[in-house]
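Below: the structure, in structure tokens.
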Amino acid sequence: LQYEEANLEKKYPAFKALMREYEEGILLFETTKQEVWDKASQDSVGLQKYYAENTANYQWGDRVVIERATVKSDDAKTLAKIQKALAKKKSLSAIQAKYNGEKATIVVEDAETLSIESPLLKDIDPTVGAVHTTQNVDKSLTLSRISAVLPAGTKNFDEAKGYIIADYQDYLEKAWIADLKSRYQVEINQEILDKLIK
């Protein structure tokens with residue numbers, strides 16, 4: 001068994017090619033990890049510099065801050081009062097404190113910032129104070145209100161960090177490949193290439 005194991009690659013060329021493919025794949029993975037992925041995630045100075053040179057790539061479009069509350073109630077008068085209070089720009093927590101109880105159950109969600117282009121805003125006028133009511137399958141209502149409109153602007157480093165790391169990895173990989181190409185001449189064995197094509 002030991003003898004056969006030691007001679008597998010000599011006796012079976014396909015096995016030898018597969019083992020080489022695994023070995024080279026692992027080497028490529030480890031080298032890419034060292035040269036690209038680890039560098040991109042650990043090089044805070046490089047990331048900051050890359051961000052400073054490419055801030056135009058990290059922009060917010062126009063956005064809105066939307067507040068939402070889900071209301072469950074069988075009492076039409078209570079629902080009308082809640083909607084009226086919402087239209088009068090009363091805070092959701094104040095509405096919840098006043099009406100949550102016997103006749104209504106109100107769950108207030110955290111405010112969310114959305115792009116003006118978001119499909120979630122298709123039925124809402126993107127202006128401060130705009131209110132929209134949605135009937136849910138369980139007969140509850142989702143009340144939404146625009147509390148702020150935010151203009152387009154540059155994302156700060158923390159807001160764009162995930163995108164910056166991904167772009168910096170691409171940048172490092174291209175620089176690494178360019179360096180390899182400048183140091184090592186690629187030679188193509190035309191005879192073998194022609195055999196592969198057949």
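Just checking, does the range 49-58 include any residue being touching a Leu at 6+ places or on another chain (Cβ under 7 Å), open to solvent by 40 Å² or more (accessible area, probe 1.4 Å) and either at pLDDT below 85 or in a helix (DSSP H, G or I) (or both)? Full working, then the answer.
Step one: of the range 49-58, the residues touching a Leu at 6+ places or on another chain (Cβ under 7 Å) are none.
No: the range 49-58 contains no residue that is touching a Leu at 6+ places or on another chain (Cβ under 7 Å), open to solvent by 40 Å² or more (accessible area, probe 1.4 Å) and either at pLDDT below 85 or in a helix (DSSP H, G or I) (or both).
Being modelled with pLDDT of 85 or more, on the phi < 0 side of the Ramachandran plot and open to solvent by 60 Å² or more (accessible area, probe 1.4 Å) holds for only one residue in Glu109, Glu102, and it is Glu109. For the range 64-93, filtered to residues that are in a loop (DSSP other than H, G, I, E, B) and not small (Gly, Ala, Ser), the residue that is modelled with the highest pLDDT is Asp74. Any residue that is more than 25 Å from Ala166 (Cβ to Cβ), open to solvent by 80 Å² or more (accessible area, probe 1.4 Å), out of contact with any Asp or Glu (no Cβ under 9 Å at 6 or more places or on another chain) and not in a helix (DSSP H, G or I) - is there at least one of those in the range 7-24? Yes; the residues of the range 7-24 include at least one that is more than 25 Å from Ala166 (Cβ to Cβ), open to solvent by 80 Å² or more (accessible area, probe 1.4 Å), out of contact with any Asp or Glu (no Cβ under 9 Å at 6 or more places or on another chain) and not in a helix (DSSP H, G or I).
Matching residues to (1) within 30 Å of Leu47 (Cα to Cα); (2) open to solvent by 50 Å² or more (accessible area, probe 1.4 Å):
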site	(1), (2)
Gly153	yes, no
Glu159	yes, yes
Ile177	yes, yes
Gln190	no, yes
Leu193	no, yes
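Within the range 59-87, track down each residue that is surrounded by 14 or more Cβ atoms within 10 Å (Cβ to Cβ), of a type outside the set (S, T, N, Q) and closer than 30 Å to Glu159 by Cβ. Scanning the range 59-87 gives Trp60, Arg63, Val64, Val65, Ile66, Glu67, Arg68, Ala69, Leu86.
The values are calculated or read from the model by the stated rules, or taken from the named source; none is laboratory data. These numbers come from a predicted model, not from an experiment. Cβ sites come from the backbone with ideal geometry, for glycine too, and all protein chains shown count toward neighbours. We work out accessible area using only protein heavy atoms, side chains counted, and drop any ligands, DNA or RNA first. Shrake-Rupley method; radii C 1.70, N 1.55, O 1.52, S 1.80 Å.
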